[in-house]
Amino acid sequence: MTRLKKAFRILLYLSFGFVIYYLYSFDYFTLSNLKFNFLFLILSILSLWAGFIVSTLSWRNSLKAHNIYINRNLAIYSHGISVFAKYIPGKVWVILGRASVVSERRGSVSLLSTISLKEQLLYLVIGLSISFLAMFWVPINPLYIVGLGAITIALALLLFSRRVHQLILYIMKLLLKKAPNIPHVPVKEALPMLKSIVGYWFFWSCGFYLLVLSLVPNSSILIAFAFPLSVCFGLLAVIVPGGIGVREGIIVFFLTTIGMESSLAITVSLVQRLWFISGEIFIFGLALLTKYKITKSEN
């Protein structure tokens, strides 16, 4: 077994341990006596799972945009097998996990990790942009809208504008003595990647709205936009494994702002975490099935 394979196997064990630990620590297993509309609940889960399927397509498209071609099975396996890595503190394995799997057959870990990071950053920009547009219909302090818009624009310029990218890295190098490895993403390079990224944000946001409808009938469609906002800030909170606590806090803030009772908003925020983990379990299980197909085709 190579060092890379050993490291990846350790990663899997660690990720399982961390996700169970954090869920237990935050009392996610204590929810009970909830009444669901099971039609909306099933539709929300199917929409969530569809989003995870599209996310594997996004990873494959990102590699294709850099002239690295992998088949559907390898895309599903590499993306899905490391899905729980986000629960390891630091989140570096979110970037490295799937890259390390693909590197065993295509490209170098360094190049693949850079592509993985680019896709994650585009995912962040799109999610923030979707949430920012919704803020104009939410009765919220205008300063929050300005702040969210500033973060979104700054991140977009950092990625898409070479001059801004170089300027910000230069300033960070002066302040930190070493510039972080944040890649520049030319717009021409980003365009083939954006369609599938928008696709899984659409499925996940619709799924979240259906989940809320299963608990709280006649909820406003604006609730759908709470999900990308919460996920993005959970991702930005680098030191918080899986964004646990951050995501839930954003969702509670958003839902109470548009008029939902705080106790009900807290319940929704906890349920959505278990709901989303069902999608992670789904794509992980699908990855294990495709691993069997990959091994069979190579023998």
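The values are calculated or read from the model by the stated rules, or taken from the named source; none is laboratory data. Bear in mind that the values here come from a model prediction, so they are computed numbers and not experimental data. All Cβ positions, glycine included, derive from the backbone under ideal geometry; neighbour counts span all protein chains shown. In case anyone asks, the SASA skips ligands and DNA or RNA and just uses the protein heavy atoms, side chains included. Shrake-Rupley method; radii C 1.70, N 1.55, O 1.52, S 1.80 Å.
Candidates SER205, SER220: the one that is at pLDDT 95 or above and of a type in the set (S, T, N, Q) is SER205. Just one of (1) assigned to a helix (DSSP H, G or I); (2) among the aliphatic types (A, V, I, L, M); (3) open to solvent by 50 Å² or more (accessible area, probe 1.4 Å) fails for LEU34. It is (1).
The set of residues in the range 45-91 that are aliphatic (A, V, I, L, M) and within 22 Å of SER108 (Cβ to Cβ) comprises LEU63, ALA65, ILE68, ILE70, LEU74, ALA75, ILE76, ILE81, ALA85.
Scanning the range 173-190 for residues that are open to solvent by 10 Å² or more (accessible area, probe 1.4 Å) and within 19 Å of the chain's Cα centre (by Cα) turns up ILE182, PRO183.
Restricting to the range 167-191, what's the tally of residues that are part of a helix (DSSP H, G or I) and over 19 Å from LEU128 (Cα atoms)?
Restricting attention to the range 167-191, the residues satisfying the condition of being part of a helix (DSSP H, G or I) are 167-176, 187-191.
The next check asks that each one be over 19 Å from LEU128 (Cα atoms); those that pass are 167-176, 188-189.
So the count comes out to 12.
Summed over the range 78-129, the residues that are buried (at least 23 other Cβ atoms within 10 Å of the Cβ), assigned to a loop (DSSP other than H, G, I, E, B) and at pLDDT below 80 give a count of 0. Can you tell me which residues in the range 230-239 are buried (at least 23 other Cβ atoms within 10 Å of the Cβ) and in contact (Cβ under 8 Å) with a residue 60 or more places away in the chain? VAL231, CYS232 - these are the residues of the range 230-239 that are buried (at least 23 other Cβ atoms within 10 Å of the Cβ) and in contact (Cβ under 8 Å) with a residue 60 or more places away in the chain.
As a summary of the residue check, ALA154 satisfies the conditions (1) without any contact (Cβ under 8 Å) to a residue 24 or more places away in the chain; (2) more than 19 Å from TYR123 (Cβ to Cβ) except for the one numbered (2). Residues in the range 103-147 that are in contact with a Leu (Cβ under 8 Å, 6 or more places away or on another chain), of a type in the set (S, T, N, Q) and under 17 Å from PRO183 (Cα atoms): SER113, SER116, GLN120. The conditions of being over 30 Å from LYS291 (Cβ atoms), open to solvent by 70 Å² or more (accessible area, probe 1.4 Å) and not in a helix (DSSP H, G or I) are met by PRO139. Any chance the range 274-287 includes a residue that's open to solvent by less than 10 Å² (accessible area, probe 1.4 Å), at pLDDT 90 or above and charged (D, E, K, R)? Yes.
Residues that are over 21 Å from the mean Cα position of the chain (by Cα) and in contact (Cβ under 8 Å) with a residue 40 or more places away in the chain do not occur anywhere in the range 51-61.
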